Amino acid sequence: MKQIKLQLNHSKSAELLERSKKVLAGGVSSEFRKFNHPHALFYDHSEGVYTYDVDGNKYLDFTLSQGPMIVGHSHPHVLKRVHEYSEKGQLFAGQHILEIELAEKLNKHIPSAELMRFCLDGSTAIQTALRVARAKTGKNKFIRFEGHYHGWLDNVSWGLTLDLERMGTKENPNSLPWTDGIANEIDNEFIILPWNDLELVKKTMLEYHNVIAAIITEPIMCNSGCILPEEGFLQGLRDLCTTYNSALIFDEVITGFRTGLGGAQKYYDVTPDLSIFAKALASGYPISAIVGKKEWMHLIAEGKVIHAGTMNSACALIAAALGTIEVLEEEGTHERIFALGHRLMDGLRRVAEETGQNLLVQGLGPMLHTGFANVKSVKDFRETTAYEQPKSKMFIYGMQQRGIRIIGRGLWYISAVHEEKHIDHAIKIAKETLLELN
Ligand SMILES: Cc1ncc(COP(=O)(O)O)c(C=O)c1O
């Protein structure tokens, strides 16, 4: 396969990485930051739709920092909110008024958000939801799906290894751990299934409903490709959970505030019992929310389920979240994000055809995925084996060499501050990159 020519200078990043490796494990603070080409890069600053690395290279950003920067980098309104409120205090070991205002906003926008708690990240909020589900139902296991990412903690670090030889059959999948060091027998906590196959979930619920406290799903599978739910799949999960007294948990860490202010639950009109919001909630400030119906969340209200955290609801985080939502509430914002996303998907498909490349573009608009595959669509994790990984990576690298940054697994996010000219530029660069791959 053709290699992409090195055009950018990354020498300062390379030097910093060597220095960093001496004190930070692997030179990074999150595993995913290792994966770049030619190596992990160091960034200097970001503004609007652009990010600048330490070597002075400028990138048009479609990573949105793995999703959070939905109103762009350094949005003046968000920064103003944070600065003003931080001057009043940072953390009180007690309540403050803006927390209520933020909760009232989520309550207004998100169908299932009758009661909520704020946490620091998606991973811990997920664990809170599982705890509530177990406490309310008196059952122990949860059903989860292959290729869905629910954070990096022990009981969810499974099902992310794409290895058809070891994964078992669709009907009888094996749970494959994602990391060493997981507590023994924690795989007793869940049953793993392929996604988008309602019949399989029905069959499993019929057999195991006595022990199933919850079904947890990303409403759109954004961690392996960008795969939309099959017609009726989410509603089917809803019905099964209602029938068998299990919690339906939507992990909206990616879909939240991206598919609209009400998340995927509003977009698809399927209301879960519990859901988790994080990433796009607060423009890069660490805050997440576990939200749910009163009949579930009252267990936290009454202290039967403990949820805590020293840093929860720190002033800057709440102010950043309010600032971000206020920007997103501006009339027409999501319509514009969707329209830009469709323009990008159409344009990428057009240049793929013009260059004779098998680039497969899938998604909803606000988020979309590109990879090279000789199939019409990819519908679950196992089908992502269709992607030619080395070529997909070379495309992403080629885009980055030309100043366009996409998430390393081929995911693109659109922000409220992208404009048509940015989209058209990305399409033009995609064509150049596809030609180089020819
Ligand atoms: C769908 C989903 N759930 C949960 C998480 C974990 O969130 P965090 O990284 O904030 O712990 C992620 C992170 O990428 C995610 O994409």
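Here, each number is a calculation from the coordinates, and none is a lab measurement. All figures in this text were calculated on a predicted structure; none of them were measured in a lab. Every residue, glycine as well, gets a Cβ built from its backbone with ideal geometry; the counts of neighbours run over all protein chains shown.
Quick look at the values:
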| quantity | calculated |
| --- | --- |
| Order of S11, S288 - criterion: other Cβ atoms within 10 Å of each residue's Cβ, fewest first | S11, S288 |
| Whole-Å semi-axes of the ellipsoid equivalent to the chain (Cα gyration tensor, √5λ, descending) | 33, 28, 21 |
| Order by protection proxy (mean Cβ within 10 Å, highest first), peptides 86-92, 191-197, 249-255 | 249-255, 191-197, 86-92 |
| J(HN,Hα) series, region 88-101, from Karplus relation 6.51 cos²θ - 1.76 cosθ + 1.60, nearest Hz, glycine and proline x | 7, x, 10, 7, 10, 6, x, 7, 9, 5, 5, 4, 5, 4 |
| Relative contact order computed over the chain (Cα-Cα under 8 Å; 6+ residues apart), in percent | 22 |
| Neighbour-count ranking [beta-carbon atoms within 10 angstrom, fewest first] of E383, E335 | E335, E383 |
| Loop-located trypsin sites (Lys or Arg not before Pro) in region 152-258, at most 10 other Cβ atoms within 10 Å (DSSP) | R166 |
| Most mobile listed residue (A264, A93, A280) in the chain, GNM with C-alpha springs under 10 Å | A93 |
| Among N184, N155, N107: highest mean-square fluctuation, GNM of the chain, C-alpha pairs under 10 Å | N184 |
| Ranked S392, S246, criterion: other C-beta atoms within 10 Å, fewest first | S392, S246 |
| For G168, distant residues with modelled amide H under 5 Å away | N174 |
| For region 157-190 and region 259-330, distance of Cα centres in Å | 29 |
| Choice from Q401, Q389, Q95 showing the highest fluctuation, given a GNM over the chain with Cα pairs closer than 10 Å | Q95 |
| Antiparallel content of DSSP bridges confined to the chain, in %, to 5 | 65 |
| Centroid-to-centroid separation of region 363-378 and region 64-108 [C-alpha atoms, Å] | 33 |
| Long-range amide H partners of G371 with built H, under 5 Å | L360 |
| Computed helical MRE - 222 nm, the chain, DSSP H runs ≥ 4 contributing -39500 (n - 2.57), nearest 500 | -11000 deg cm²/dmol |
| Contact order normalised by residue count of region 1-81, Cα under 8 Å, 6+ apart, percent | 23 |
| Whole-number Å³ per residue for the convex hull built on Cα positions in region 76-328 | 127 |
| 3J(HN,Hα) from dihedral phi, region 367-374, Karplus parametrisation 6.51/-1.76/1.60, rounded to Hz, x for glycine, proline | 9, 8, 10, 10, x, 9, 7, 9 |
| 5 angstrom amide H check on I143, placed H, neighbours 5+ away | I191, A214, I215, I216 |
| About the Cα centre, charge dipole magnitude for region 76-328 (Lys/Arg +1, Asp/Glu -1 at Cβ), debye | 620 |
| Neighbour cut-off at most 12 other Cβ (10 Å), DSSP loop, GluC sites (Glu not before Pro), region 168-238 | E171, E185, E231 |
| Average Cα contact separation per residue, region 76-328, under 8 Å, 6 or more apart, as relative contact order % | 31 |
| Listed residue (L237, L106, N172) projecting farthest to the positive dipole end of the chain, Cβ model | N172 |
| DSSP-defined beta bridges in region 76-328 - what % are antiparallel, rounded to 5 | 45 |
